[in-house]
Amino acid sequence: MMAHENNNDFADWLYNRYVEALRKNDTIRALIFLDVMSQYFIKALTQRRFSKQKRYTGNLLKSIEKAHKNGTANKLALVGEEWQREFQKAMADYEKSLREMDFDEETITELIIEKKCNYGNN
């Protein structure tokens, strides 16, 4: 099996551009990325060797559909490495702000743990 066969980077990239466009209220751009992701799912992932990528991409598309039905599309989080970077930056920024407010170390640790557990559920 070749390495690229289970690579979800392109689907992640499309999804993340979609999420970023939604965050900026750029509906046209969001729809373009959604359409490209849908076409990628329907046309590019037809071979059996891409079944894992197709399932992954399908799940991303389902999460978008579900978020729109629930009215929570504006709260979609990034995925993959970009999510990891966004999460780490948010935690570092949060810790910095707590330190600037002169919280003690124990409180800072507790608040950061709570923030990490609830991240994305705002």
Residues in region 85-122 that are in contact (Cβ under 8 Å) with a residue 40 or more places away in the chain and either among the polar types (S, T, N, Q) or part of a helix (DSSP H, G or I) (or both) total 1
Only one of (1) assigned to a helix (DSSP H, G or I); (2) hydroxyl-bearing (Ser, Thr, Tyr); (3) open to solvent by 40 Å² or more (accessible area, probe 1.4 Å) is not met by Thr46, so which one is it? (1)
Of the residues in region 65-111, those that are β-branched (Val, Ile, Thr) and touching a helix residue (DSSP H, G or I) at 6+ places or on another chain (Cβ under 6 Å) come to Val79, Ile108
Scanning for something under 18 Å from Asn118 (Cβ atoms), assigned to a helix (DSSP H, G or I) and without any contact (Cβ under 8 Å) to a residue 60 or more places away in the chain, does region 74-81 turn up at least one residue? yes
Suppose the filter is under 29 Å from Tyr18 (Cβ atoms) and touching an Asp or Glu at 6+ places or on another chain (Cβ under 8 Å); does Glu81 pass it? yes
Unique residue being farther than 10 Å from Leu14 by Cβ, charged (D, E, K, R), within 14 Å of the chain's Cα centre (by Cα) and surrounded by fewer than 12 Cβ atoms within 10 Å (Cβ to Cβ) when the list is Lys62, Lys69: Lys62
Taking region 88-113 and keeping only residues that are farther than 20 Å from Ala77 by Cβ and small (Gly, Ala, Ser), one is left with Ser97
Find the residue count for region 90-122, including only residues that are of a type in the set (S, T, N, Q) and open to solvent by 100 Å² or more (accessible area, probe 1.4 Å). 2
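The values are calculated or read from the model by the stated rules, or taken from the named source; none is laboratory data. Small disclaimer: the values here were computed from a predicted structure and weren't measured. Every residue, glycine as well, gets a Cβ built from its backbone with ideal geometry; the counts of neighbours run over all protein chains shown. Ligands, DNA and RNA are excluded from the accessible area calculation, which covers all protein heavy atoms including side chains. Shrake-Rupley method; radii C 1.70, N 1.55, O 1.52, S 1.80 Å.
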